[in-house]
Amino acid sequence: MWQEYLITAVTLVLTLSIIPTLRDPHARVPLQTSGLTTLGLLVKAVMFSSIGMLSPAIGAGFGCLMWGLLAYLRSGVRERLSGTKTVTTESAVADYSVADD
């Protein structure tokens, strides 16, 4: 019984640790990382729910939601779906000063 609460607490702490990444507009997380984590947490939520462990199922579901949000906001999926491109301020072309002869 106490193991359920420990699993839930650890899952929630790990899930809450991604909040700074969600808040940082310049953060980039690969879609493979966030997508696979979202899928894995969804599988865990369904599995815990199917064996009657409601508390860990809710924790894994919350983690799935947060990682899915991270995948949407920080992997470039939102830009691809909306058709907008992010503007970068850095140039790949070197700037050279030209002197008058």
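Could you tell me whether GLY40 is surrounded by fewer than 15 Cβ atoms within 10 Å (Cβ to Cβ), assigned to a loop (DSSP other than H, G, I, E, B) and without any contact (Cβ under 8 Å) to a residue 12 or more places away in the chain? Taking the combined requirement at face value, the residue does not satisfy it. Pairs linking a residue in the range 44-65 that is in contact (Cβ under 8 Å) with a residue 12 or more places away in the chain to a residue that is among the acidic types (Asp, Glu), with Cβ atoms under 6 Å and 6 or more positions apart or on different chains, are MET53/GLU4; SER55/GLU4; PRO56/GLU4.
Going by the conditions given, is GLY35 in a helix (DSSP H, G or I), surrounded by 16 or more Cβ atoms within 10 Å (Cβ to Cβ) and under 10 Å from the mean Cα position of the chain (by Cα)?
Values: in a helix (DSSP H, G or I): yes; surrounded by 16 or more Cβ atoms within 10 Å (Cβ to Cβ): yes; under 10 Å from the mean Cα position of the chain (by Cα): yes.
Yes; evaluated as a whole, the condition is true for this residue.
Suppose the filter is more than 30 Å from GLU79 (Cβ to Cβ) and small (Gly, Ala, Ser); does SER17 pass it? Even if it seems obvious, please write down each step before you answer.
On the way: more than 30 Å from GLU79 (Cβ to Cβ): no; small (Gly, Ala, Ser): yes.
So SER17 fails the test.
Across the range 1-23, the number of residues qualifying as assigned to a loop (DSSP other than H, G, I, E, B) and in contact (Cβ under 8 Å) with a residue 24 or more places away in the chain comes to 1.
All of the numbers you see were taken from the coordinates with simple rules; none came from a lab. Everything numeric in this text was worked out from a predicted model, so none of it was measured. Methodologically, a virtual Cβ is constructed for each residue, glycine included, from the backbone with ideal geometry; neighbour enumeration extends over all protein chains shown.
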